[in-house]
Structure formats: structure tokens, C-alpha cells
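Participant: Handing you a structure now.
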Amino acid sequence: MIKQDLLLRAVLPAWVLAAGAGFVAPVAWATGAAYGLALVLLTGWGLRRSARPAFGPADWITFARAVLVGGAAELIADGGRPVWWLTAVAAVALAMDGFDGQVARRTGTASDFGARFDMEVDAFLILLLCIEVSRTLGLWVLAIGLMRYAFVAASWAFPWLTAPLYPSMARKTVAAVQGVVLVVAVSGLLAPGWAAAAVAVALASLVWSFGRDTAWLARHRVKQAPGRIVELTRTTLRRPHGLAWRDHNQAA
């Protein structure tokens, strides 16, 4: 089972790369190759760290989304393809978000690994879309994609930021808005001025959401070791199937 799982995880990105070998520039193909290798290695590392032998049903859906994100990375690196290609790939990857969670709950296979995997795929897709949009609107757009990574980096200095957050519909809405706005901006459906305004509103909402959650974590921080912080928080904030609520997933 383990060898079969690893083989499938290696073959799927390779298949996408082979399909695009004659379609995109060499630099784009190299980008996809690096991404595919990183995807296989990191998922393998995550499985070993979580003591799981193989992917569950929901993890394969997330992995399929991750392969689509790799295709988006190739298209962005190429830079010479019609925008509708990238728009379509990104839209499908975003539309699939949520399916993995539903499958995990219905099959009883929800896990911290699956939640983290889903979060990382979402965050990286948002960063890629920001890179593409920044080509026309300016580098300030990158703040959307980099904010979640800045939050993670800050948690190294302030371990209380790693504590799980309370459930929030506002947070989910803000997270969903980022992807929708960026895909619309990439598509070119809006005039540059309107696109800039929409992205600016999305960024403002993200800053508000991060700020609100950071303030909440600061008020409720526990002066214990990082592992103890998460343990104590999980005793009071739990999601279905006994899983702690995700870490900050605003950029997804």
C-alpha cells in the first residue's frame, strides 16, 4: 500500500509535466518539475510525521488540487499563455476546495495532516495568483499571498500564535473572497482600475481578519511551552471528529 501510494503521488505530477512539456517554455517546465518533486517529498514527510501509512480518500482530492496548482505555477512561469488557461485552472482548483473536507467527514478520515495539507495548497495557490496579478497592478498585491507566511514566521518568535483559533464565519468569508477576487483580477474581466479597487478591498479585509485573530490570540495566550499551548487550547476549541480548528488559514 505504501509503495503504491508513493508511486501514484509521483506519477500524477509527472503526467501533468509530460502533458505540458511541448506546451510551455523550458523555464515553466522546470518550475513544474521542481514543484512536483517538492510536492512528493513534502507529502511523504508529512505522512511520516503524522504516522500515517498512506493518503486517505480526502487527501487524494487535495492532492489533485495540488497538481492543478502545479499547472498554474507552470503557466505563470511561462507568462506567454492566454489568461483563460490560468483562470480556468485556478477556478477549478478553488471550486474543489471544500470537497476534501466533506469527504473526510463522511468517511471518518479527517486528520490534522489533511487539514494542514489543504491549507498549504490553498495558501500557495493564492500566492501564485498574487504573483500574476502583481504584474499588472503592482507588487503591493503580494501582501495578500505573503501575509499568511508572515504570520507563520511570526509564530516562531511568538509561539502563542500557533494556538488553534475559534470558528468564525467572517474568517471563512474573508478567506473565500481572496481567491474569488484574485481569479477575477487574473481573468481580465474588470478594467485595471476596478480590479485594483477590488484587490485593495480584499487586502483590507485580510488585514482586518488577521489583526482581529492576532489580538484574540494575544488576549488568550497561555504562558507555557508551544506544545502545551496547543494542547490546552484543543481542550476547549474542537471541531467535529475531535480535530482542533485549523491554524490561521486566511490566505486560502
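Participant: Applying the Karplus parametrisation 6.51 cos²θ - 1.76 cosθ + 1.60 with θ = phi - 60° to the phi angles of segment 89-100, what ³J(HN,Hα) value in whole Hz is obtained for each residue in order, glycine and proline being reported as x?
Facilitator: Coupling constants for segment 89-100: 4, 5, 5, 5, 4, 6, 5, 6, 5, x, 5, 5 Hz.
Participant: With θ taken as phi - 60° and the coefficients 6.51, -1.76 and 1.60, list the Karplus ³J(HN,Hα) couplings across segment 61-70 in order, rounded to whole Hz; mark glycine and proline as x.
Facilitator: With coefficients 6.51, -1.76 and 1.60, one gets 5, 4, 5, 4, 5, 5, 5, 4, 4, x Hz.
Participant: Quick one: which of 212-220, 75-83, 59-67 comes out on top by average Cβ neighbours within 10 Å, and what's the full order, highest first? List each step's numbers first, then the result.
Facilitator: Values: 212-220: 14.4, 75-83: 16.1, 59-67: 22.4.
In descending order of packing, they fall as 59-67, 75-83, 212-220.
Participant: Per-residue HN-Hα couplings for segment 138-150, Karplus 6.51 cos²θ - 1.76 cosθ + 1.60 at θ = phi - 60°, whole Hz, x for Gly and Pro?
Facilitator: Along segment 138-150, the couplings run x, 5, 4, 5, 4, 4, 5, x, 8, 4, 5, 5, 5 Hz.
Participant: Any idea what log10 I(q)/I(0) is at q = 0.14, 0.21 Å⁻¹ for segment 113-160, Debye with uniform C-alpha scatterers and no solvent?
Facilitator: Summing over Cα pairs of segment 113-160 leads to -0.41, -0.76.
Participant: Run the quick spin-label model on A157 and A51: label points 7 Å from Cα toward the beta carbon, then report their separation in nm to one decimal.
Facilitator: Spacing of the two 7 Å Cα→Cβ label points: 3.5 nm.
Participant: What does the extension gain come out to for A30 and V92, with contour length at 0.36 nm per residue minus their alpha carbon separation?
Facilitator: 20.0 nm
Laboratory data are not the source of any read-out in this text; all were calculated from the coordinates shown. Computed from a prediction, not measured in an experiment: that's the story for all the values here. When we count neighbours, we look across all protein chains shown, and the Cβ atoms used for this are built from the backbone with ideal geometry, even at glycine.
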